[in-house]
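A quick write-up on the structure given underneath.
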């Protein structure tokens, strides 16, 4: 994997190389879902109607949606699907594609908002992460993992912010 001379330039960008390549995982997620749920699409493909899917408007999310589309609908996905880009602007109001940025009151509320969710998530992680930690470290006792690192390992390969209809 190449190390970028300017890591900040790569922040919030879809990765194209390395073990955590976003392009590969987005495409693979599309293929896996197509393999599992093709029966849900068959009537649309037979009727030649396009399937709609949506992504929020950041470049990374749009790129993710396109790679997902290629995996799910096929390399010529624009023939059978229509990608709709939903802008993340204040004038549009709430948006379910990125709900964490839709409600400023929820974001700022330290007791019942976003901060509460983070606290609950940390408690939840502590209830089960010791088992995988011990399994991973059984033959590698010199390595340590934080709860955040262990939780992130399970999240690799999941596409986000894409909806399909």
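The values are calculated or read from the model by the stated rules, or taken from the named source; none is laboratory data. As the structure is a prediction and not an experimental result, all values here were calculated from the model. All Cβ positions, glycine included, derive from the backbone under ideal geometry; neighbour counts span all protein chains shown.
Worth a mention:
- Any hit, the stretch 130-151, residues being touching a strand residue (DSSP E or B) at 6+ places or on another chain (Cβ under 6 Å), surrounded by 14 or more Cβ atoms within 10 Å (Cβ to Cβ) and either at negative phi or modelled with pLDDT of 75 or more (or both): no
- Residue 64 being in contact (Cβ under 8 Å) with a residue 24 or more places away in the chain, more than 23 Å from residue 92 (Cα to Cα) and surrounded by 17 or more Cβ atoms within 10 Å (Cβ to Cβ): no
- Looking across the stretch 36-52, just one residue is modelled with pLDDT of 85 or more and either at positive phi or touching a helix residue (DSSP H, G or I) at 6+ places or on another chain (Cβ under 7 Å) (or both), and that is 51.
- Residues (closer than 30 Å to residue 92 by Cβ and either touching a strand residue (DSSP E or B) at 6+ places or on another chain (Cβ under 6 Å) or outside any helix (DSSP H, G or I) (or both)) located in the stretch 29-61: 44, 49, 50, 51, 52, 53, 54, 55, 56, 57, 58, 61
- Residue identified as under 24 Å from residue 152 (Cα atoms), surrounded by 12 or more Cβ atoms within 10 Å (Cβ to Cβ) and at pLDDT 90 or above among 33, 24, 14, 83: 33
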